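**Student:** This structure is in structure tokens; I'll ask about it shortly.
The values are calculated or read from the model by the stated rules, or taken from the named source; none is laboratory data. Because the structure is a prediction, the values reported are computed rather than measured. Ideal geometry is used to build each Cβ from the backbone, glycine not excepted, and the neighbour counts take in all protein chains shown. Protein only, heavy atoms only, side chains kept; ligands, DNA and RNA dropped before computing areas. Shrake-Rupley method; radii C 1.70, N 1.55, O 1.52, S 1.80 Å.
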Amino acid sequence: DFFEPALGLERGDAKIVRNAGNSIVGEDAIRSIGAALYNLGCEEVLVVGHTECGMAGADADALKEKMLARGIAEEDIAKYDLAEWIGGFEDEEENVKNVVEKIKNHPLIPDVPVHGLIIDPATGKLDLVTEKDVISNQTLNIITPYTYEKEIEGGGTETVYSASWRQC
């Protein structure tokens, strides 16, 4: 798994909520974020999208055809707005920014830092896509992506993408 090492995390260091397109569709993702903040002691939220996301450009009409082909009844499909239900988007970076804003503006989420990042699954490279959060009277941790060269068995080196935290 590339995700935790790219953030410099060990297993168990973070509560990770994964869903298709890192989207906020309905309340389930918000409920999970709230549980992490209120019940598990988490103090920050990271929204991490990835390049080449299959949800980018999701087509509701094509989805409907696939559902019909797999035996889902037309009347059951008609009960849903498939474009909203699937939560597709056009641009990974804009989606991350939109999700960050939804989390920050939800009435049940406290005033905590919410960061948006994009990760390249092929390389592990992280890019911060949201502006630095400003939270009054609180210390804010900022993620700084960086790379280093690692020697590999048999000779040669490979570029490793990781991140560090700093307080400001």
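**Student:** Considering only residues that are hydrophobic (A, V, I, L, M, F, W, C) and part of a helix (DSSP H, G or I), look in the stretch 58-69 and name the one that is most open to solvent (accessible area, probe 1.4 Å).
**Tutor:** Of everything passing the filter in the stretch 58-69, Ala69 is most open to solvent (accessible area, probe 1.4 Å).
**Student:** Consider only pairs whose beta carbons are under 6 Å apart and that are at least six residues apart or on different chains; among these, list those whose first residue lies in the stretch 58-82 and is without any contact (Cβ under 8 Å) to a residue 60 or more places away in the chain and within 22 Å of Ser23 (Cα to Cα) and whose second residue is part of a helix (DSSP H, G or I) and not hydrophobic (A, V, I, L, M, F, W, C).
**Tutor:** Once the first residue is without any contact (Cβ under 8 Å) to a residue 60 or more places away in the chain and within 22 Å of Ser23 (Cα to Cα) and sits in the stretch 58-82, its partners that are part of a helix (DSSP H, G or I) and not hydrophobic (A, V, I, L, M, F, W, C) give Ile77/Lys64; Leu82/Lys64.
**Student:** For the stretch 23-34, what are the residues that are under 19 Å from His115 (Cβ atoms) and assigned to a helix (DSSP H, G or I)?
**Tutor:** Ala29, Ile30, Ser32, Ile33, Gly34
**Student:** If a residue must be part of a loop (DSSP other than H, G, I, E, B) and either crowded, with 17+ Cβ neighbours inside 10 Å or touching a residue at least 60 places away in the same chain (Cβ under 8 Å) (or both), how many such residues does the stretch 43-57 contain?
**Tutor:** Going through the stretch 43-57 one residue at a time, the tally reaches 6.
**Student:** If Ile72 satisfies all but one of (1) among the β-branched types (Val, Ile, Thr); (2) modelled with pLDDT under 85; (3) open to solvent by 60 Å² or more (accessible area, probe 1.4 Å), what's the number of the condition it fails?
**Tutor:** So Ile72 meets the others, but not (2).
**Student:** Sticking with this one: Quickly run through the stretch 118-135 and pick out the residues that are open to solvent by 90 Å² or more (accessible area, probe 1.4 Å) and modelled with pLDDT under 50.
**Tutor:** Val134
**Student:** Sticking with this structure for a sec: Right, Glu27: without any contact (Cβ under 8 Å) to a residue 60 or more places away in the chain and open to solvent by 70 Å² or more (accessible area, probe 1.4 Å) or not?
**Tutor:** Taking the combined requirement at face value, the residue satisfies it.
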